[in-house]
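The values are calculated or read from the model by the stated rules, or taken from the named source; none is laboratory data. Because the structure is a prediction, the values reported are computed rather than measured. Positions of Cβ are backbone-derived with ideal geometry, glycine not excepted, and every protein chain shown enters the neighbour counts.
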Amino acid sequence: MSESKSVNLNFGGFTSFLTIAFIVLKLMGKITWSWWWVLAPTWIGVGIGLIALILLAIIAIIVAAWK
């Protein structure tokens, strides 16, 4: 019996694509935004992740208090 193995390479999602596109446009001089706005998709993704972790922690505390 032979097993087939597949490799799934994930190079990021939509926010990664936007970040790379904005960096390229900034370096080419096509946009004159500050670097804060150029890197905003990355910060937004990090922010959403932190909010999700905080909500999960709150839910875990509430569930633990009910027991």
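Test residue 23 against the stated conditions and say whether it is at pLDDT 95 or above, over 18 Å from the mean Cα position of the chain (by Cα) and of a type in the set (Val, Ile, Thr).
no
Return yes or no: is residue 63 part of a helix (DSSP H, G or I) and either exposed (fewer than 10 other Cβ atoms within 10 Å of the Cβ) or at pLDDT 90 or above (or both)?
yes
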